[in-house]
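Contents: one structure, followed by commentary.
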Amino acid sequence: MIMLNHLSAFAERTFTASTPRRTRYAVSLIDRCTGKPHHIAGIPLILMTPDPFETSRDLMRNRDPERWDTSVKRIDRQGGLS
């Protein structure tokens, strides 16, 4: 009877362990004049995404490419940038 109570938690952990994780990327908007990331209220704008090219395109929409650029960094499994 105890096994039935924990079956849903076991199934969720099994599903999570068996499904491959998509690679995540950190995408930042970079000011070419300063070489630093764009800040909003003192916090750097960093977007976590599995699709860095689409995110970069969205960040650059309606921006001057001579002034702005994007930076893409891969996030490892522990959450650190590589």
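FYI, it's all coordinate maths here, none of it is from the lab. Everything numeric in this text was worked out from a predicted model, so none of it was measured. Cβ: placed from backbone, ideal geometry, glycine included. Neighbour counts: every protein chain shown.
Net charge within 13 Å of residue 69 by Cβ-Cβ distance, Lys/Arg positive one each and Asp/Glu negative one each, not counting residue 69 itself? That works out to +2. Computed from backbone phi, the HN-Hα couplings of region 46-60 come to 10, 10, 9, 8, x, 10, x, 6, 5, 5, 4, 4, 5, 5, 8 Hz, rounded to whole numbers (Karplus: 6.51 cos²θ - 1.76 cosθ + 1.60, θ = phi - 60°; Gly and Pro given as x). Rounded to the nearest 20, the Cβ-based charge dipole of region 29-82 about its Cα centre (Lys and Arg +1, Asp and Glu -1) stands at 100 debye. Net charge of the neighbourhood of residue 55, taken over other residues with C-beta under 14 Å away and scored Lys/Arg +1, Asp/Glu -1, is +3.
A simple packing score, the average count of other Cβ atoms within 10 Å per residue, orders the peptides 35-42, 65-72 as 65-72, 35-42, with the highest score first.
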